[in-house]
Amino acid sequence: MIEATSLTKRYGKTLAVNNLSFSVEPGQVTGFLGPNGAGKSTTMRMILGLDNPTSGQVRIGGKRYHDLKNPLRTVGALLDAKWVHPNRSARAHLRWMARSNQIPARRVDEVLDTVGLTSVANKRAGGFSLGMSQRLGIAAALLGDPEVLLFDEPVNGLDPEGILWIRKFMQRLAEEGRTVFVSSHLLSEMALTASNLVVIGKGQLISQSSTKDFVARAAENTVKVRSPQLDVLRAALREASATVTDSDGGILVSGMDSDKIGELAAEKGVVLHELSPQTGSLEQAFMQITGDSVEYHTGLEAEAQKVLEASAN
């Protein structure tokens with residue numbers, strides 16, 4: 001189990017993580033989500049003792065990482081797939097890690113086989129593709145057969161078969177009772193992989209809940225409407241304090257359920273061609289809930305929102 005309490009990190013005048021508290025339970029895959037610059041990598045580094053918090057604390061099984069004896073036997077992590085000496089072979093890289101934590105040498109070949117790198121075990125890691133480097137990083141995380149696993153963008157560079165493999169693998173690790181904490185920008189993949197989410201923005205906690213509840217929270221009272229009199233209906237909805245956004249061939253309305261929209265349309269004499277409550281996606285929920293926490297905006301974000309809304313319908 002991972003427990004962060006009032007975790008704060010400053011770099012000079014920059015507040016990277018701000019009074020962040022959350023917990024990651026064993027037996028499930030917990031996704032760690034947030035916009036770029038939200039503080040995810042800094043938080044993971046503090047969990048692993050690579051950065052010291054300015055204030056607050058984080059514990060793994062009740063202990064600080066620095067207090068763990070042979071920490072690779074308790075915590076395995078993949079933060080940077082290219083953190084390997086380029087002239088070392090995959091096997092040599094894992095052997096020195098094993099010796100440093102008193103892990104039996106036979107475990108090296110076991111994890112190489114688990115991640116599918118046996119055939120290239122004696123090749124220099126500097127010649128590996130990103131996907132192969134990711135697999136080597138996962139092998140290193142598994143080396144001590146740890147109870148807690150942290151993965152930062154583990155599917156980067158993997159082909160579709162590799163992505164499916166790591167998804168099923170992380171879920172199997174959780175089913176064994178391990179604590180699995182994974183950060184990813186691939187929200188569609190997180191929707192399939194993680195049963196729970198910790199979502200942060202600008203270094204602060206936005207949400208901690210099940211994936212299902214997170215999506216449902218954003219999708220609540222979202223209704224698609226099509227009508228030949230959209231201008232009239234749009235104005236009436238906004239006057240009634242509903243939120244209206246354009247969608248493919250119609251509008252999306254939030255803050256008002258379909259019954260009230262229908263009643264308002266009848267009152268205004270508006271013909272309706274469609275009035276359908278929407279089932280949300282993790283991408284939609286993420287953009288809706290974290291919209292105010294995006295640190296770096298681009299002119300494409302409004303268009304991206306329209307694309308997501310259109311793809312969901």
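All conditions in (1) over 26 Å from residue 50 (Cα atoms); (2) of a type outside the set (Phe, Trp, Tyr); (3) modelled with pLDDT of 95 or more hold for residue 127, with the sole exception of (3). For the residues 183, 227, 210, the requirement of being closer than 21 Å to residue 283 by Cα and in contact with a helix residue (DSSP H, G or I) (Cβ under 7 Å, 6 or more places away or on another chain) singles out 183. Number of residues in region 192-212 that are in a loop (DSSP other than H, G, I, E, B) and not hydrophobic (A, V, I, L, M, F, W, C): the value is 3. When residue 157 is tested against (1) assigned to a loop (DSSP other than H, G, I, E, B); (2) at pLDDT 90 or above, exactly one condition is not met: (2). Do we find a residue being in a loop (DSSP other than H, G, I, E, B) and either more than 27 Å from the chain's Cα centre (by Cα) or basic (Lys, Arg) (or both) anywhere in region 144-153? No: zero hits. Residues in region 2-41 that are of a type in the set (D, E, K, R) and under 30 Å from residue 168 (Cβ atoms): 3, 25, 40.
Residue 215 meets each of the listed conditions (1) part of a strand (DSSP E or B); (2) at pLDDT below 90 apart from (1).
Here region 143-189 is the region considered, the condition is being of a type in the set (Phe, Trp, Tyr) and touching a strand residue (DSSP E or B) at 6+ places or on another chain (Cβ under 7 Å), and the residue that is farthest from residue 81 (Cα to Cα) is 181.
On inspection, residue 130 does not qualify as surrounded by 14 or more Cβ atoms within 10 Å (Cβ to Cβ) and either over 17 Å from residue 182 (Cβ atoms) or under 21 Å from the mean Cα position of the chain (by Cα) (or both).
Conditions tested, residue by residue: (1) under 13 Å from residue 148 (Cβ atoms); (2) not in a strand (DSSP E or B).
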| residue | (1), (2) |
| --- | --- |
| 8 | no, no |
| 17 | no, no |
| 20 | no, no |
| 26 | yes, yes |
| 29 | yes, no |
| 32 | no, no |
| 37 | no, yes |
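Residues in region 104-127 that are aliphatic (A, V, I, L, M), in a helix (DSSP H, G or I) and within 25 Å of residue 183 (Cα to Cα): 111, 112, 125.
The residues of region 186-207 that are within 13 Å of residue 285 (Cα to Cα), of a type outside the set (A, V, I, L, M) and modelled with pLDDT of 90 or more amount to a single one, 207.
Whether any residue in region 29-36 is free of Cβ contacts under 8 Å to residues at least 60 places away in the same chain and loosely packed, with under 12 Cβ neighbours inside 10 Å is what I want to check.
Scanning region 29-36, I find no residue that is free of Cβ contacts under 8 Å to residues at least 60 places away in the same chain and loosely packed, with under 12 Cβ neighbours inside 10 Å, so the answer is no.
Residues in region 55-103 that are buried (at least 16 other Cβ atoms within 10 Å of the Cβ) and either assigned to a strand (DSSP E or B) or outside the structural domain of residue 129 (by TED's automatic domain parsing) (or both): 9 in all. Filtering region 223-246 to residues that are outside any helix (DSSP H, G or I) and touching a strand residue (DSSP E or B) at 6+ places or on another chain (Cβ under 6 Å) leaves 223, 224, 225, 226, 242, 243, 244, 245. Scanning region 229-249 for residues that are under 32 Å from the mean Cα position of the chain (by Cα), surrounded by 14 or more Cβ atoms within 10 Å (Cβ to Cβ) and either at positive phi or free of Cβ contacts under 8 Å to residues at least 40 places away in the same chain (or both) yields a count of 3.
Can residue 73 be described as out of contact with any Pro (no Cβ under 8 Å at 6 or more places or on another chain) and farther than 14 Å from residue 200 by Cβ? For residue 73, the condition - out of contact with any Pro (no Cβ under 8 Å at 6 or more places or on another chain) and farther than 14 Å from residue 200 by Cβ - is not met.
The values are calculated or read from the model by the stated rules, or taken from the named source; none is laboratory data. All values derive from a computational prediction rather than experimental measurement. Glycine gets a Cβ as well: all are built from the backbone with ideal geometry, and neighbour counts include every protein chain shown.
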